[in-house]
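Take a look at the structure below.
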Amino acid sequence: MKKHKQNYVQRWNLQHRLQHGALALSMVGLIVSGLAIKYHTAAWAKGWFSLIGFHKNLILHKASATLLVAVSIYHVAWLLVSWMKERSHPFSWAMMPNLDDVKHAGQHMAYLLNLRKEPPHYGRYTYLEKFEYLSIIWGMVVMGLTGFSLWLPETMGNFFTREILDMFRIIHGNEAVVACIALLYGHFFSVHFNPAVFPSSPVWYNGKISLEHMMEEHPAEYQRMVEAGQIDAATMAGAQPHGLSPARKVLAFVELIIYSAIFYWLLISYLPKALA
Amino acid sequence: MNLARWIRAAALPILGGLLLAGGLMLNPGTASAASNASQLAVPSEPEENKACLECHSKNETMTRDGKEISVHVDGAEYGESVHGIISCVRCHAEAGPEHAADPTKPLNLPTGRDLAVLKSQGCVKCHAGPYEESYKLSFHGVAVANGDNRAATCVDCHGVHNILPSRNTASAVSPENLAGTCGTAECHQNAPENFAKGKEHVIASEKSAPPALHLVYKFFMILILFDTMKDGPIVMFELLRRLQAGRGH
(Lines give C-alpha, C1' and ligand atoms only; values in the text may rest on other atoms or scores of the structure.)
Protein backbone atom coordinates (compact mmCIF):
# COMPACT_ATOMS: atom_id res chain seq x y z
CA MET A 1 0.00 0.00 0.00
CA LYS A 2 1.35 3.40 -0.93
CA LYS A 3 1.49 5.74 2.01
CA HIS A 4 -0.31 8.65 0.37
CA LYS A 5 -3.41 6.56 -0.39
CA GLN A 6 -4.09 6.15 3.31
CA ASN A 7 -7.04 8.05 4.70
CA TYR A 8 -5.41 8.36 8.08
CA VAL A 9 -2.20 9.64 9.66
CA GLN A 10 -0.25 7.88 12.42
CA ARG A 11 -0.58 10.65 15.01
CA TRP A 12 0.79 8.83 18.05
CA ASN A 13 3.51 6.19 18.18
CA LEU A 14 3.71 3.30 20.65
CA GLN A 15 5.57 5.43 23.23
CA HIS A 16 2.84 8.09 23.20
CA ARG A 17 0.12 5.49 23.59
CA LEU A 18 1.82 3.50 26.35
CA GLN A 19 2.57 6.63 28.35
CA HIS A 20 -0.95 7.97 27.84
CA GLY A 21 -2.34 4.53 28.80
CA ALA A 22 -0.40 4.42 32.07
CA LEU A 23 -1.38 8.03 32.80
CA ALA A 24 -5.04 7.28 32.07
CA LEU A 25 -5.02 4.12 34.20
CA SER A 26 -3.46 5.93 37.15
CA MET A 27 -5.95 8.81 36.80
CA VAL A 28 -8.94 6.44 36.78
CA GLY A 29 -7.62 4.77 39.95
CA LEU A 30 -6.95 8.13 41.62
CA ILE A 31 -10.27 9.70 40.68
CA VAL A 32 -12.44 6.72 41.68
CA SER A 33 -10.66 6.13 45.01
CA GLY A 34 -10.20 9.84 45.74
CA LEU A 35 -13.73 11.00 44.96
CA ALA A 36 -15.06 8.10 47.05
CA ILE A 37 -13.22 9.59 50.05
CA LYS A 38 -14.23 13.19 49.25
CA TYR A 39 -17.89 12.32 48.66
CA HIS A 40 -18.04 9.43 51.13
CA THR A 41 -21.60 10.19 52.19
CA ALA A 42 -22.89 9.67 48.63
CA ALA A 43 -24.71 6.41 47.91
CA TRP A 44 -22.25 5.37 45.20
CA ALA A 45 -19.29 5.88 47.54
CA LYS A 46 -20.99 3.85 50.29
CA GLY A 47 -21.57 1.06 47.76
CA TRP A 48 -17.96 1.23 46.59
CA PHE A 49 -16.63 1.06 50.15
CA SER A 50 -18.86 -1.89 51.03
CA LEU A 51 -17.38 -3.62 47.97
CA ILE A 52 -13.69 -2.86 48.40
CA GLY A 53 -13.37 -1.51 51.96
CA PHE A 54 -11.98 1.84 53.08
CA HIS A 55 -8.47 0.53 53.67
CA LYS A 56 -8.13 -1.21 50.28
CA ASN A 57 -9.51 1.93 48.62
CA LEU A 58 -6.67 3.85 50.25
CA ILE A 59 -4.14 1.32 48.97
CA LEU A 60 -5.62 1.67 45.46
CA HIS A 61 -5.22 5.45 45.74
CA LYS A 62 -1.57 5.19 46.77
CA ALA A 63 -0.80 2.53 44.16
CA SER A 64 -2.34 4.70 41.43
CA ALA A 65 -0.36 7.69 42.69
CA THR A 66 2.83 5.64 42.53
CA LEU A 67 2.04 4.65 38.93
CA LEU A 68 1.43 8.31 38.06
CA VAL A 69 4.77 9.37 39.55
CA ALA A 70 6.50 6.49 37.75
CA VAL A 71 5.03 7.35 34.34
CA SER A 72 5.86 11.04 34.86
CA ILE A 73 9.49 10.26 35.61
CA TYR A 74 9.53 7.93 32.59
CA HIS A 75 8.02 10.70 30.43
CA VAL A 76 10.68 13.23 31.45
CA ALA A 77 13.44 10.66 30.89
CA TRP A 78 11.97 9.76 27.51
CA LEU A 79 11.84 13.43 26.52
CA LEU A 80 15.46 13.94 27.58
CA VAL A 81 16.71 10.85 25.73
CA SER A 82 14.74 11.80 22.59
CA TRP A 83 16.12 15.33 22.79
CA MET A 84 19.73 14.22 23.26
CA LYS A 85 19.59 11.63 20.48
CA GLU A 86 17.52 13.75 18.16
CA ARG A 87 18.95 12.11 15.05
CA SER A 88 17.81 8.60 15.90
CA HIS A 89 14.75 9.48 17.99
CA PRO A 90 11.99 11.82 16.85
CA PHE A 91 11.70 14.85 19.07
CA SER A 92 9.03 17.48 18.74
CA TRP A 93 8.57 20.93 20.22
CA ALA A 94 4.93 20.95 19.08
CA MET A 95 3.68 20.96 22.69
CA MET A 96 5.55 24.21 23.46
CA PRO A 97 3.10 27.10 24.02
CA ASN A 98 3.68 30.15 21.81
CA LEU A 99 2.03 33.43 20.81
CA ASP A 100 -0.10 31.65 18.19
CA ASP A 101 -1.91 29.93 21.04
CA VAL A 102 -2.99 33.26 22.50
CA LYS A 103 -4.21 34.30 19.06
CA HIS A 104 -6.03 30.97 18.65
CA ALA A 105 -7.72 31.35 22.03
CA GLY A 106 -9.11 34.72 20.94
CA GLN A 107 -10.17 33.36 17.55
CA HIS A 108 -11.80 30.35 19.21
CA MET A 109 -13.82 32.60 21.49
CA ALA A 110 -14.98 34.60 18.48
CA TYR A 111 -15.89 31.37 16.67
CA LEU A 112 -17.86 30.04 19.63
CA LEU A 113 -19.81 33.30 19.89
CA ASN A 114 -20.68 33.08 16.20
CA LEU A 115 -18.54 36.13 15.39
CA ARG A 116 -16.21 34.11 13.16
CA LYS A 117 -17.02 31.55 10.49
CA GLU A 118 -14.16 29.09 10.89
CA PRO A 119 -12.42 27.71 13.98
CA PRO A 120 -8.77 28.74 14.42
CA HIS A 121 -6.17 27.23 12.10
CA TYR A 122 -4.76 24.82 14.73
CA GLY A 123 -1.46 23.00 14.30
CA ARG A 124 -0.46 19.62 15.73
CA TYR A 125 -1.68 20.55 19.21
CA THR A 126 -4.47 23.05 19.87
CA TYR A 127 -4.09 25.70 22.57
CA LEU A 128 -6.51 23.69 24.71
CA GLU A 129 -4.38 20.54 24.37
CA LYS A 130 -1.25 22.47 25.35
CA PHE A 131 -3.11 23.94 28.30
CA GLU A 132 -4.10 20.42 29.36
CA TYR A 133 -0.49 19.26 29.18
CA LEU A 134 0.64 22.19 31.34
CA SER A 135 -2.24 21.47 33.72
CA ILE A 136 -0.94 17.94 34.24
CA ILE A 137 2.49 19.32 35.22
CA TRP A 138 0.91 21.85 37.59
CA GLY A 139 -1.45 19.22 38.97
CA MET A 140 1.37 16.72 39.47
CA VAL A 141 3.38 19.20 41.54
CA VAL A 142 0.42 20.33 43.67
CA MET A 143 -1.21 16.92 44.13
CA GLY A 144 2.13 15.16 44.53
CA LEU A 145 3.43 17.43 47.29
CA THR A 146 0.15 17.61 49.20
CA GLY A 147 -0.71 13.95 48.65
CA PHE A 148 2.68 12.73 49.77
CA SER A 149 2.36 14.85 52.92
CA LEU A 150 -1.00 13.28 53.71
CA TRP A 151 0.43 9.84 53.00
CA LEU A 152 3.40 10.24 55.37
CA PRO A 153 2.49 13.01 57.83
CA GLU A 154 5.04 11.81 60.41
CA THR A 155 7.88 12.36 57.92
CA MET A 156 6.53 15.49 56.25
CA GLY A 157 5.68 16.87 59.69
CA ASN A 158 9.41 17.45 60.09
CA PHE A 159 9.15 20.14 57.39
CA PHE A 160 5.61 21.41 57.77
CA THR A 161 3.52 22.38 60.78
CA ARG A 162 0.14 20.88 61.50
CA GLU A 163 -1.58 23.97 60.11
CA ILE A 164 0.27 23.59 56.79
CA LEU A 165 -0.63 19.88 56.67
CA ASP A 166 -4.30 20.83 57.21
CA MET A 167 -3.96 23.30 54.36
CA PHE A 168 -2.51 20.54 52.18
CA ARG A 169 -5.61 18.45 52.78
CA ILE A 170 -7.89 21.32 51.72
CA ILE A 171 -5.71 21.86 48.64
CA HIS A 172 -5.57 18.14 47.77
CA GLY A 173 -9.33 17.61 47.90
CA ASN A 174 -10.18 20.77 45.97
CA GLU A 175 -7.42 20.67 43.37
CA ALA A 176 -8.86 17.19 42.67
CA VAL A 177 -12.16 18.84 41.69
CA VAL A 178 -10.24 21.27 39.47
CA ALA A 179 -8.55 18.29 37.77
CA CYS A 180 -11.85 16.43 37.38
CA ILE A 181 -13.51 19.40 35.72
CA ALA A 182 -10.56 19.70 33.33
CA LEU A 183 -10.51 15.96 32.64
CA LEU A 184 -14.07 14.70 32.72
CA TYR A 185 -15.57 17.91 31.36
CA GLY A 186 -12.93 19.39 29.07
CA HIS A 187 -10.70 16.48 27.99
CA PHE A 188 -13.47 13.89 27.75
CA PHE A 189 -15.51 16.28 25.65
CA SER A 190 -12.74 16.86 23.14
CA VAL A 191 -11.78 13.18 22.72
CA HIS A 192 -14.94 11.21 23.58
CA PHE A 193 -18.17 13.18 23.66
CA ASN A 194 -17.47 15.60 20.85
CA PRO A 195 -20.15 14.46 18.39
CA ALA A 196 -17.53 14.37 15.62
CA VAL A 197 -15.53 11.62 17.39
CA PHE A 198 -18.08 9.97 19.73
CA PRO A 199 -17.69 7.38 21.29
CA SER A 200 -13.94 7.87 21.08
CA SER A 201 -11.11 9.25 19.05
CA PRO A 202 -8.95 6.21 18.16
CA VAL A 203 -5.68 8.10 18.66
CA TRP A 204 -5.16 6.83 22.22
CA TYR A 205 -5.38 3.12 21.32
CA ASN A 206 -4.18 2.75 17.72
CA GLY A 207 -2.56 6.14 17.27
CA LYS A 208 -4.46 6.86 14.05
CA ILE A 209 -6.31 10.04 13.18
CA SER A 210 -8.55 10.17 10.11
CA LEU A 211 -7.71 12.80 7.51
CA GLU A 212 -11.21 14.17 7.94
CA HIS A 213 -10.73 14.67 11.66
CA MET A 214 -7.30 16.17 10.99
CA MET A 215 -8.61 18.68 8.46
CA GLU A 216 -11.15 19.71 11.04
CA GLU A 217 -9.07 19.85 14.21
CA HIS A 218 -5.48 20.28 13.05
CA PRO A 219 -5.79 22.09 9.68
CA ALA A 220 -2.35 23.71 9.86
CA GLU A 221 -0.67 20.35 10.48
CA TYR A 222 -2.74 18.81 7.67
CA GLN A 223 -1.70 21.55 5.29
CA ARG A 224 1.94 21.22 6.27
CA MET A 225 1.85 17.45 5.62
CA VAL A 226 0.16 17.97 2.24
CA GLU A 227 2.87 20.47 1.30
CA ALA A 228 5.56 18.05 2.48
CA GLY A 229 3.99 15.34 0.32
CA GLN A 230 3.13 13.15 3.29
CA ILE A 231 -0.61 13.36 2.53
CA ASP A 232 -2.26 13.26 -0.89
CA ALA A 233 -4.74 16.12 -0.82
CA ALA A 234 -6.79 14.35 -3.52
CA THR A 235 -7.88 11.74 -0.95
CA MET A 236 -10.01 14.31 0.79
CA ALA A 237 -11.11 16.36 -2.21
CA GLY A 238 -14.56 17.79 -1.67
CA ALA A 239 -14.73 16.80 2.00
CA GLN A 240 -16.88 19.05 4.17
CA PRO A 241 -15.48 19.31 7.66
CA HIS A 242 -17.68 20.36 10.61
CA GLY A 243 -20.78 18.65 9.25
CA LEU A 244 -22.69 16.12 11.37
CA SER A 245 -24.96 13.23 10.33
CA PRO A 246 -28.57 13.53 11.55
CA ALA A 247 -27.95 10.89 14.25
CA ARG A 248 -24.93 12.81 15.53
CA LYS A 249 -26.95 16.02 15.55
CA VAL A 250 -29.44 14.33 17.87
CA LEU A 251 -26.49 13.25 20.00
CA ALA A 252 -25.14 16.81 20.06
CA PHE A 253 -28.56 18.07 21.15
CA VAL A 254 -28.83 15.56 24.02
CA GLU A 255 -25.25 16.31 25.04
CA LEU A 256 -25.96 20.02 25.07
CA ILE A 257 -28.76 19.43 27.58
CA ILE A 258 -26.55 17.21 29.76
CA TYR A 259 -23.51 19.47 29.60
CA SER A 260 -25.63 22.54 30.36
CA ALA A 261 -27.13 20.70 33.33
CA ILE A 262 -23.67 19.84 34.72
CA PHE A 263 -22.58 23.44 34.13
CA TYR A 264 -25.52 24.89 36.06
CA TRP A 265 -25.17 22.26 38.76
CA LEU A 266 -21.51 23.21 39.30
CA LEU A 267 -22.44 26.87 39.19
CA ILE A 268 -25.24 26.49 41.74
CA SER A 269 -23.02 24.32 43.97
CA TYR A 270 -19.92 26.49 43.97
CA LEU A 271 -21.27 30.03 43.57
CA PRO A 272 -22.56 30.21 47.18
CA LYS A 273 -19.32 28.64 48.48
CA ALA A 274 -17.20 31.20 46.64
CA LEU A 275 -19.35 34.15 47.66
CA ALA A 276 -20.18 33.15 51.23
CA MET B 1 -24.81 37.02 11.97
CA ASN B 2 -28.47 36.48 12.66
CA LEU B 3 -28.39 37.07 16.39
CA ALA B 4 -32.07 36.40 17.05
CA ARG B 5 -31.86 33.00 15.36
CA TRP B 6 -28.67 32.24 17.28
CA ILE B 7 -30.32 33.01 20.60
CA ARG B 8 -33.40 30.97 19.69
CA ALA B 9 -31.24 27.99 18.73
CA ALA B 10 -29.31 28.26 21.98
CA ALA B 11 -32.28 28.82 24.27
CA LEU B 12 -34.06 25.46 24.05
CA PRO B 13 -31.27 23.03 25.01
CA ILE B 14 -29.70 25.40 27.51
CA LEU B 15 -33.04 25.89 29.25
CA GLY B 16 -33.46 22.11 29.19
CA GLY B 17 -30.15 21.83 30.97
CA LEU B 18 -31.22 24.41 33.53
CA LEU B 19 -34.38 22.41 34.26
CA LEU B 20 -32.37 19.20 34.60
CA ALA B 21 -29.93 20.91 36.95
CA GLY B 22 -32.87 22.28 38.94
CA GLY B 23 -34.24 18.76 39.23
CA LEU B 24 -30.90 17.55 40.56
CA MET B 25 -30.85 20.35 43.11
CA LEU B 26 -34.31 19.40 44.39
CA ASN B 27 -32.68 16.31 45.91
CA PRO B 28 -33.24 17.00 49.61
CA GLY B 29 -29.66 16.02 50.44
CA THR B 30 -28.39 15.84 53.96
CA ALA B 31 -29.79 18.64 56.05
CA SER B 32 -28.00 18.44 59.36
CA ALA B 33 -30.24 17.19 62.15
CA ALA B 34 -30.97 19.45 65.07
CA SER B 35 -28.41 18.78 67.75
CA ASN B 36 -29.41 17.83 71.24
CA ALA B 37 -26.59 19.76 72.86
CA SER B 38 -26.43 21.20 76.35
CA GLN B 39 -27.79 18.17 78.20
CA LEU B 40 -24.79 18.97 80.31
CA ALA B 41 -26.86 21.68 82.01
CA VAL B 42 -28.41 19.04 84.27
CA PRO B 43 -25.79 18.35 86.92
CA SER B 44 -26.11 14.86 88.24
CA GLU B 45 -25.28 13.39 91.60
CA PRO B 46 -21.87 11.75 91.60
CA GLU B 47 -23.00 10.09 94.86
CA GLU B 48 -24.24 7.22 92.66
CA ASN B 49 -20.73 6.67 91.40
CA LYS B 50 -19.64 5.36 94.77
CA ALA B 51 -21.70 2.23 94.18
CA CYS B 52 -19.92 1.64 90.85
CA LEU B 53 -16.50 2.29 92.33
CA GLU B 54 -17.11 -0.22 95.08
CA CYS B 55 -16.19 -2.89 92.56
CA HIS B 56 -14.46 -0.89 89.83
CA SER B 57 -11.81 0.62 92.07
CA LYS B 58 -10.40 -2.91 92.45
CA ASN B 59 -7.67 -4.12 90.16
CA GLU B 60 -9.79 -6.85 88.60
CA THR B 61 -9.82 -8.20 85.08
CA MET B 62 -12.22 -10.17 82.91
CA THR B 63 -11.91 -12.11 79.69
CA ARG B 64 -13.68 -10.86 76.59
CA ASP B 65 -13.05 -11.90 72.96
CA GLY B 66 -10.15 -13.97 74.28
CA LYS B 67 -8.52 -10.87 75.76
CA GLU B 68 -7.75 -10.07 79.37
CA ILE B 69 -9.43 -6.72 80.06
CA SER B 70 -9.04 -4.51 83.12
CA VAL B 71 -12.23 -3.27 84.77
CA HIS B 72 -10.33 -0.87 87.03
CA VAL B 73 -11.28 2.81 87.18
CA ASP B 74 -9.27 5.36 89.18
CA GLY B 75 -12.05 7.07 91.10
CA ALA B 76 -9.86 9.94 92.28
CA GLU B 77 -8.61 10.62 88.76
CA TYR B 78 -12.16 10.55 87.41
CA GLY B 79 -13.30 12.90 90.14
CA GLU B 80 -10.70 15.44 89.02
CA SER B 81 -11.49 15.05 85.33
CA VAL B 82 -13.86 17.41 83.50
CA HIS B 83 -16.56 14.76 83.77
CA GLY B 84 -16.10 14.19 87.50
CA ILE B 85 -19.48 15.76 88.30
CA ILE B 86 -21.29 13.36 85.98
CA SER B 87 -22.66 9.99 86.98
CA CYS B 88 -21.11 6.89 85.43
CA VAL B 89 -24.34 5.79 83.71
CA ARG B 90 -24.34 8.94 81.58
CA CYS B 91 -21.74 7.22 79.42
CA HIS B 92 -22.34 3.67 80.62
CA ALA B 93 -26.07 3.28 80.02
CA GLU B 94 -25.42 -0.43 79.44
CA ALA B 95 -24.63 -0.84 83.16
CA GLY B 96 -28.17 -0.71 84.54
CA PRO B 97 -29.72 -2.42 87.58
CA GLU B 98 -29.18 -5.79 85.91
CA HIS B 99 -25.44 -5.20 86.00
CA ALA B 100 -25.57 -4.35 89.69
CA ALA B 101 -27.54 -7.54 90.37
CA ASP B 102 -25.17 -9.79 88.39
CA PRO B 103 -21.83 -8.02 87.62
CA THR B 104 -20.39 -11.11 85.90
CA LYS B 105 -23.08 -11.20 83.21
CA PRO B 106 -21.58 -9.92 79.91
CA LEU B 107 -22.81 -6.50 78.79
CA ASN B 108 -22.46 -7.38 75.10
CA LEU B 109 -19.98 -4.61 74.50
CA PRO B 110 -17.36 -4.99 71.78
CA THR B 111 -13.67 -4.79 72.64
CA GLY B 112 -10.62 -3.02 71.24
CA ARG B 113 -11.09 -0.52 68.39
CA ASP B 114 -14.79 -1.32 68.08
CA LEU B 115 -15.32 -0.30 71.70
CA ALA B 116 -13.47 3.01 71.13
CA VAL B 117 -15.70 3.74 68.13
CA LEU B 118 -18.90 2.80 69.98
CA LYS B 119 -18.06 4.79 73.10
CA SER B 120 -17.05 7.86 71.07
CA GLN B 121 -20.51 7.91 69.54
CA GLY B 122 -21.72 8.68 73.03
CA CYS B 123 -19.47 11.76 73.43
CA VAL B 124 -21.26 13.70 70.71
CA LYS B 125 -24.61 13.37 72.48
CA CYS B 126 -23.39 16.25 74.65
CA HIS B 127 -20.46 17.58 72.61
CA ALA B 128 -22.47 18.24 69.46
CA GLY B 129 -21.85 21.21 67.17
CA PRO B 130 -18.44 22.23 65.86
CA TYR B 131 -16.53 19.39 67.62
CA GLU B 132 -18.69 16.71 66.10
CA GLU B 133 -18.93 18.46 62.72
CA SER B 134 -15.19 19.04 62.39
CA TYR B 135 -14.44 15.44 63.39
CA LYS B 136 -16.81 14.15 60.72
CA LEU B 137 -14.93 16.26 58.15
CA SER B 138 -11.50 15.14 59.37
CA PHE B 139 -9.76 12.20 57.75
CA HIS B 140 -10.03 10.29 61.05
CA GLY B 141 -13.78 10.85 61.03
CA VAL B 142 -14.20 9.88 57.38
CA ALA B 143 -12.20 6.66 57.89
CA VAL B 144 -14.15 5.63 60.99
CA ALA B 145 -17.50 6.50 59.39
CA ASN B 146 -16.63 4.13 56.56
CA GLY B 147 -15.58 1.18 58.65
CA ASP B 148 -11.83 1.74 59.04
CA ASN B 149 -11.63 1.58 62.83
CA ARG B 150 -7.86 2.09 62.90
CA ALA B 151 -8.35 5.87 62.78
CA ALA B 152 -8.53 7.91 65.97
CA THR B 153 -11.87 8.43 67.73
CA CYS B 154 -12.66 10.92 70.54
CA VAL B 155 -11.33 8.70 73.31
CA ASP B 156 -8.03 7.97 71.54
CA CYS B 157 -6.87 11.58 71.85
CA HIS B 158 -8.87 12.84 74.83
CA GLY B 159 -8.69 9.77 77.06
CA VAL B 160 -11.49 8.04 78.95
CA HIS B 161 -11.81 8.57 82.69
CA ASN B 162 -8.96 11.06 82.83
CA ILE B 163 -10.17 13.75 80.40
CA LEU B 164 -8.85 17.22 81.22
CA PRO B 165 -9.34 20.52 79.40
CA SER B 166 -6.61 21.31 76.87
CA ARG B 167 -5.47 24.33 78.93
CA ASN B 168 -4.47 21.93 81.74
CA THR B 169 -0.82 20.96 81.20
CA ALA B 170 -1.59 17.40 82.33
CA SER B 171 -4.18 16.99 79.56
CA ALA B 172 -3.43 14.53 76.73
CA VAL B 173 -4.44 17.27 74.28
CA SER B 174 -2.61 20.20 75.87
CA PRO B 175 -0.12 21.87 73.51
CA GLU B 176 2.75 20.35 75.53
CA ASN B 177 1.44 16.79 75.26
CA LEU B 178 -0.38 16.79 71.93
CA ALA B 179 2.51 15.63 69.73
CA GLY B 180 3.16 12.79 72.16
CA THR B 181 -0.53 11.84 72.13
CA CYS B 182 -0.54 11.74 68.30
CA GLY B 183 2.76 9.89 68.33
CA THR B 184 1.82 6.75 70.25
CA ALA B 185 2.97 3.44 68.81
CA GLU B 186 -0.46 2.51 67.39
CA CYS B 187 -0.97 5.87 65.67
CA HIS B 188 1.57 8.34 64.22
CA GLN B 189 4.66 6.77 65.74
CA ASN B 190 7.35 9.38 66.45
CA ALA B 191 5.17 12.28 65.37
CA PRO B 192 7.34 15.43 65.37
CA GLU B 193 6.56 18.50 67.49
CA ASN B 194 5.03 20.14 64.39
CA PHE B 195 1.97 17.96 64.93
CA ALA B 196 0.96 20.25 67.80
CA LYS B 197 1.45 23.46 65.79
CA GLY B 198 -2.04 23.99 64.50
CA LYS B 199 -5.63 23.64 65.63
CA GLU B 200 -7.74 20.51 65.75
CA HIS B 201 -11.51 20.66 65.24
CA VAL B 202 -11.44 23.32 62.55
CA ILE B 203 -13.92 23.68 59.70
CA ALA B 204 -12.07 25.30 56.79
CA SER B 205 -15.26 26.56 55.14
CA GLU B 206 -16.22 28.61 58.19
CA LYS B 207 -14.91 32.05 59.06
CA SER B 208 -13.98 30.81 62.54
CA ALA B 209 -11.24 28.64 60.96
CA PRO B 210 -7.61 29.86 61.10
CA PRO B 211 -7.44 32.70 58.52
CA ALA B 212 -4.80 31.04 56.32
CA LEU B 213 -6.78 27.81 56.13
CA HIS B 214 -10.00 29.64 55.33
CA LEU B 215 -8.21 31.67 52.67
CA VAL B 216 -6.90 28.53 50.96
CA TYR B 217 -10.43 27.09 51.00
CA LYS B 218 -11.84 30.33 49.50
CA PHE B 219 -9.17 30.42 46.82
CA PHE B 220 -10.16 26.95 45.65
CA MET B 221 -13.89 27.70 45.65
CA ILE B 222 -13.17 30.64 43.37
CA LEU B 223 -10.78 28.58 41.22
CA ILE B 224 -13.39 25.83 40.77
CA LEU B 225 -15.97 28.45 39.89
CA PHE B 226 -13.56 30.01 37.39
CA ASP B 227 -12.90 26.58 35.83
CA THR B 228 -16.62 25.92 35.58
CA MET B 229 -17.19 29.24 33.85
CA LYS B 230 -14.28 28.57 31.48
CA ASP B 231 -14.89 24.92 30.53
CA GLY B 232 -18.69 24.94 30.70
CA PRO B 233 -19.36 27.56 28.03
CA ILE B 234 -16.57 26.26 25.76
CA VAL B 235 -18.29 22.87 25.56
CA MET B 236 -21.81 24.28 25.37
CA PHE B 237 -21.03 26.77 22.62
CA GLU B 238 -18.96 24.19 20.72
CA LEU B 239 -22.02 21.90 20.69
CA LEU B 240 -24.21 24.80 19.56
CA ARG B 241 -21.83 25.57 16.72
CA ARG B 242 -21.89 21.89 15.75
CA LEU B 243 -25.66 21.90 15.68
CA GLN B 244 -25.59 25.02 13.55
CA ALA B 245 -22.97 23.82 11.06
CA GLY B 246 -24.49 22.50 7.90
CA ARG B 247 -27.74 24.34 8.54
CA GLY B 248 -29.00 25.53 5.20
CA HIS B 249 -26.49 23.40 3.25
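Overview of values
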item: Unique residue being among the charged types (D, E, K, R) and at pLDDT 95 or above when the list is A:Lys130, A:Lys117, A:Lys85; result: A:Lys130
item: Every residue from the range A:23-47 that is within 10 Å of chain B (Cβ to nearest Cβ) and part of a helix (DSSP H, G or I); result: A:Ala36, A:Ile37, A:Lys38, A:Ala45, A:Lys46
item: Those residues of the range A:149-163 which are more than 7 Å from every other protein chain (Cβ to nearest Cβ) and without any contact (Cβ under 8 Å) to a residue 24 or more places away in the chain, in sequence order; result: A:Ser149, A:Leu150, A:Leu152, A:Thr155, A:Met156, A:Phe159
item: Output for the range B:232-249, where each listed residue is among the acidic types (Asp, Glu) and more than 8 Å from chain A (Cβ to nearest Cβ); result: none
item: Qualifying residue in the range A:233-251 (condition: surrounded by 19 or more Cβ atoms within 10 Å (Cβ to Cβ), over 25 Å from the mean Cα position of the chain (by Cα), of a type in the set (A, V, I, L, M, F, W, C) and under 24 Å from A:Ser200 (Cα atoms)); result: no
item: Extreme residue, nearest to the other protein chains (Cβ to nearest Cβ), among residues of the range B:205-231 that are under 12 Å from A:Glu175 (Cα atoms) and surrounded by fewer than 15 Cβ atoms within 10 Å (Cβ to Cβ); result: B:Ile222
item: Qualifying residue in the range A:187-196 (condition: surrounded by fewer than 20 Cβ atoms within 10 Å (Cβ to Cβ), closer than 24 Å to A:Val250 by Cα, among the aliphatic types (A, V, I, L, M) and without any contact (Cβ under 8 Å) to a residue 40 or more places away in the chain); result: yes
item: Wholly within the range A:164-257, helices (runs of 4 or more DSSP H) carrying at least 1 residues that are within 27 Å of B:Met229 (Cβ to Cβ) and within 12 Å of chain B (Cβ to nearest Cβ); result: A:211-217
item: B:Ala152 being in contact with a helix residue (DSSP H, G or I) (Cβ under 6 Å, 6 or more places away or on another chain) and either under 23 Å from A:Gly173 (Cβ atoms) or free of Cβ contacts under 8 Å to residues at least 24 places away in the same chain (or both); result: yes
item: Boolean, B:Ala116 is surrounded by 14 or more Cβ atoms within 10 Å (Cβ to Cβ), outside any loop (DSSP other than H, G, I, E, B) and either of a type in the set (Phe, Trp, Tyr) or on the phi < 0 side of the Ramachandran plot (or both); result: yes
item: The range B:88-107 residues that are under 24 Å from B:Asn162 (Cα atoms), paired with ones that are in a loop (DSSP other than H, G, I, E, B) and among the polar types (S, T, N, Q) (beta carbon under 9 Å, 6 or more apart); result: B:Val89/B:Ser44; B:Arg90/B:Ser44; B:Glu94/B:Asn108
item: Residue selected from the range A:113-148 under the condition at the interface with chain B (Cβ under 9 Å from one of its Cβ atoms) and crowded, with 16+ Cβ neighbours inside 10 Å, by the criterion nearest to B:Lys230 (Cα to Cα); result: A:Leu128
item: Leading residue by the ranking (nearest to the chain's Cα centre (by Cα)) among those in the range B:158-201 that are within 14 Å of chain A (Cβ to nearest Cβ) and touching a residue at least 40 places away in the same chain (Cβ under 8 Å); result: B:His201
item: Matching residues, the range A:95-111, being surrounded by 12 or more Cβ atoms within 10 Å (Cβ to Cβ), under 19 Å from the mean Cα position of the chain (by Cα) and either assigned to a helix (DSSP H, G or I) or of a type in the set (A, V, I, L, M) (or both); result: A:Met95, A:Asp101, A:His104, A:Ala105, A:His108
item: Residue in the range A:54-73 that is nearest to the other protein chains (Cβ to nearest Cβ), counting only those that are among the β-branched types (Val, Ile, Thr) and surrounded by fewer than 17 Cβ atoms within 10 Å (Cβ to Cβ); result: A:Ile59
item: Scope the range B:52-87; condition under 30 Å from B:Arg167 (Cβ atoms) and not in a loop (DSSP other than H, G, I, E, B); matching residues; result: B:Cys52, B:Leu53, B:His56, B:Ser70, B:Gly75, B:Ala76, B:Glu77, B:Tyr78, B:Gly79, B:Glu80
item: Test: residue in the range B:205-223 that is among the β-branched types (Val, Ile, Thr) and in a loop (DSSP other than H, G, I, E, B); result: no
item: Residue that is farthest from B:Glu132 (Cα to Cα), among those in the range B:13-41 that are at pLDDT 50 or above and part of a loop (DSSP other than H, G, I, E, B); result: B:Asn27
item: Index of the failed condition, B:His158 passing every other in (1) farther than 26 Å from A:Ala36 by Cβ; (2) in contact with a helix residue (DSSP H, G or I) (Cβ under 7 Å, 6 or more places away or on another chain); result: (2)
item: Pick from the range B:119-142, criterion of a type in the set (A, V, I, L, M, F, W, C) and assigned to a helix (DSSP H, G or I), ranking: farthest from A:Thr41 (Cα to Cα); result: B:Cys126
item: Evaluation of A:Ser260 against (1) modelled with pLDDT under 90; (2) facing chain B (nearest Cβ under 7 Å) (one fails), failing number; result: (1)
item: Search result, residues across the range A:70-94 that are part of a helix (DSSP H, G or I) and either aliphatic (A, V, I, L, M) or free of Cβ contacts under 8 Å to residues at least 40 places away in the same chain (or both); result: A:Ala70, A:Val71, A:Ile73, A:Val76, A:Ala77, A:Leu79, A:Leu80, A:Val81, A:Ser82, A:Trp83, A:Met84
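The values are calculated or read from the model by the stated rules, or taken from the named source; none is laboratory data. Quantities reported herein were computed from a predicted structural model and do not represent experimental measurements. Note that we place each Cβ from the backbone using ideal geometry, even for glycine, and neighbour counts take in every protein chain shown.
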